[in-house]
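Student: Take a look at the following structure, please.
Rule-based calculations on the coordinates, nothing more; no lab input. Keep in mind it's a predicted model, so treat the numbers as computed, not measured. Here the Cβ positions follow ideal geometry from the backbone for every residue, glycine too, while neighbour counts run over all protein chains shown.
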Amino acid sequence: MFAKKNLIAVAALATLAVSAQAQSSVTLYGNVDVAVGRFGEPFADSVTAVESSGLTESFFGLKGQEDLGGGLKAVFKLESSLAVDTGAALGGTGNFFDKNATIGVVGSFGTLTAGRQESLFKQEAIAFNPLGASWFSPTALAFGVQGDSWSNTIGYVSPNMGGLTLSAQYAPKEGALGDASNYDGSLYAVSANYTAGALALSVVYGQTKPVDGVTLKDRTYLLGASYDFGVVKAFAQYAKAKIDAKGVGEVADPTFYQIGAIVPVTAAGSVHVSYGQVKEDGWKEQAFTLAYNHNLSKRTGVYAAFECEKLNDGTDSDTANTFAVGVRHAF
């Protein structure tokens with residue numbers, strides 16, 4: 001009888017443990033990417049180097065969720081960039097979790113989060129170019145694609161409504177009020193994404209006034225589109241910015257565009273090609289990239305990339321080439 005009671009107790013504890021495991025989870029994940037090659041930049045000497053985050057961002061992260069009942073979940077995400085070439089744990093911003101450090105709730109209303117978050121501009125810049133977050137991507141001319149996270153940010157993502165998803169981010173000034181020389185410092189962005197089969201469309205609009213209080217205010221919109229034809233997936237982006245100086249008015253209005261494609265050539269390999277340009281009042285920067293990505297498995301791949309970048313600063317122009325090969329592994 002005693003042994004039977006013990007067995008019942010053990011079975012009950014095992015059931016509780018399985019139930020708790022199902023309701024709450026924490027996942028360690030990330031990506032390691034390193035490239036070796038000859039790296040060029042206009043008006044600078046080319047260098048042979050080992051660089052981190054060639055085709056994809058190197059980082060590690062922790063994420064988790066807990067079922068709160070009633071259709072609610074608590075979620076968190078902590079992500080830190082990695083400089084694989086040096087082993088440094090930071091991504092150059094001085095913040096350990098420089099990519100994301102958020103906590104929030106998920107329900108039928110959508111997802112609400114607070115903390116440091118990758119900006120909507122970065123998310124959309126990555127999603128609508130064929131090289132994603134690669135430093136070789138011409139989209140990096142305008143949006144960097146690596147980095148660009150906002151601290152002290154409240155974020156919202158709506159449920160999917162027939163293919164339409166709405167998002168918003170807001171970071172309050174958390175500092176001194178503006179004066180005759182400086183803006184008060186705040187950030188916001190809103191976006192809409194629509195997908196219907198092979199078609200995807202996106203628009204983002206935002207305004208940045210750096211929280212340290214400087215003279216510039218940047219208002220930017222970014223449009224993105226992609227269509228998967230099967231034999232090729234095409235991408236396009238267009239952006240326009242208006243930059244004002246406090247007490248002066250508009251001081252710059254650069255434009256950006258990018259077109260590109262991913263062409264599968266084998267079951268494991270694909271060619272990625274992209275051209276982009278940033279232009280503003282006699283100043284123009286252009287980049288063309290051709291890359292080959294080959295998957296060795298679901299998580300590991302190798303790649304080779306060539307980029308030609310040309311800069312005309314209104315007085316002089318220079319062209320620089322970059323060629324690199326690399327390996328990446330997701331975990």
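Student: Which is farthest toward the positive dipole end of the chain among Gly155, Gly69, His294, measuring Cα position about the Cα centre, with Cβ charges +1 (Lys, Arg) and -1 (Asp, Glu)?
Tutor: Gly69
Student: What are the ³J(HN,Hα) values, in whole Hz, obtained from phi via the Karplus relation 6.51 cos²θ - 1.76 cosθ + 1.60 with θ = phi - 60°, for each residue of region 228-239 in sequence order, with x given for Gly and Pro?
Tutor: Listing the rounded values in order: 9, 7, x, 7, 7, 10, 9, 9, 8, 9, 9, 9 Hz.
Student: Can you give the calculated 222 nm mean residue ellipticity of the chain, where each DSSP H run of n ≥ 4 adds -39,500 (n - 2.57) and the sum is split over every residue, rounded to the nearest 500 deg cm²/dmol?
Tutor: Counting only the DSSP helices, I get -3000 deg cm²/dmol.
Student: Please compare each pair in Lys99/Lys284; Lys242/Lys284; Lys217/Lys310; Lys122/Lys310 to a cut-off of 19 Å on the Cα-Cα distance and tell me which ones are over it.
Tutor: The answer is Lys99/Lys284; Lys217/Lys310; Lys122/Lys310.
Student: What residue among Thr86, Thr319, Thr165 has the largest mean-square fluctuation in a Gaussian network model of the chain, using Cα springs under 10 Å?
Tutor: Ranking Thr86, Thr319, Thr165 by mean-square fluctuation puts Thr86 first.
Student: Right, another one. Along its three principal axes, how long is the chain when you only count alpha carbons? Whole Å, largest extent first please.
Tutor: So the three principal-axis extents are 93, 55, 42 Å.
Student: Something else: Would you work out the charge dipole size for region 28-330 about its Cα centre, treating the Cβ of every Lys and Arg as +1 and the Cβ of every Asp and Glu as -1, and quote it to the nearest 20 debye?
Tutor: On the way: 21 positive and 30 negative charges, 189 e Å.
With Lys and Arg at +1 and Asp and Glu at -1, about 900 debye.
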